[in-house]
Amino acid sequence: MPWTVHLRVVAREDRWVALREDHRLAGRDAVDFAELLDEPFLALPESAGPLRDHWLGGPHRGGRPARIGATVANADETFTAIEEGSGIVLPAAGNAAIYRRPGVRAVPVTGLPPSELAVAWRRGDDRTVVRDFVDALPAAP
């Protein structure tokens, strides 16, 4: 029997694009997602399921499949792949700063809704630790 859950969004952040500093779009103040559709993307492994699709902008591609330049599983692999020119990646604004390093530029992306970080808990779970945790969470603006 499936659980029914409560959900609280605790953060909303715009998406950015991290790319090589010599990429044709690296000098922009912002890039529209439509301009990225044909670019090779760095993707999480397929086992990441919906998370992989989210970071590829899947629901906003108008049915166009993502072109995968490389599969990456962590930040180090991502940096290496960007620096090698294997592809671009869409980090959340809060993570864009960690992608700023020599050879890599991060630029805001327009045309995509913000990413949301949420916490879910089973409806009816009245344990004190769960209630205290949920009560301590900020609500996203």
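Structure data summary
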item	result
Table column - 3J(HN,Hα) (Hz), the range 69-78, Karplus curve with 6.51, -1.76, 1.60, x for Gly and Pro	x, 6, 9, 10, 10, 7, 4, 4, 4, 5
Cα centroid separation, the range 58-112 to the range 20-41 (Å)	10 Å
Where chymotrypsin sites (Phe, Trp or Tyr not before Pro) fall in DSSP loop in the range 1-40, at most 10 other Cβ within 10 Å	Trp3
Alpha-carbon Rg/Rh ratio, for the range 1-108, with Rh computed the Kirkwood way	1.00
Contour minus Cα-Cα distance for Glu35 and Ile68 (0.36 nm per residue)	10.3 nm
Qualifying trypsin sites (Lys or Arg not before Pro) in the range 38-141, DSSP loop, other Cβ atoms within 10 Å at most 14	Arg100, Arg123, Arg127
Segment Ala140-Glu116, length gained on full extension (0.36 nm per residue, minus Cα span)	7.8 nm
Length gained when the stretch Glu77-Arg127 is fully extended (0.36 nm per residue, less Cα-Cα span)	14.0 nm
Under 12 Å from the His6 label point (7 Å along Cα→beta-carbon), backbone N, the range 110-125	119-125
Surface accessible to a 1.4 Å probe, Leu19 within the full protein complex, Å²	0 Å²
For the chain, accessible area per residue (1.4 Å probe, heavy atoms of protein chains only), Å²	59 Å²
Carbon/sulfur fraction of accessible area - the chain, other protein chains in place, 1.4 Å, %	53 percent
Net charge of Cβ neighbours under 13 Å - reference Leu37; Lys, Arg +1; Asp, Glu -1	-1
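The values are calculated or read from the model by the stated rules, or taken from the named source; none is laboratory data. None of these values were measured; they are calculated from a predicted model. Because the Cβ atoms are built from the backbone with ideal geometry, glycine has one as well, and the counts that use them run over all protein chains shown. Remember, those area values only see protein heavy atoms, side chains included, never the ligands or the DNA or RNA. Shrake-Rupley method; radii C 1.70, N 1.55, O 1.52, S 1.80 Å.
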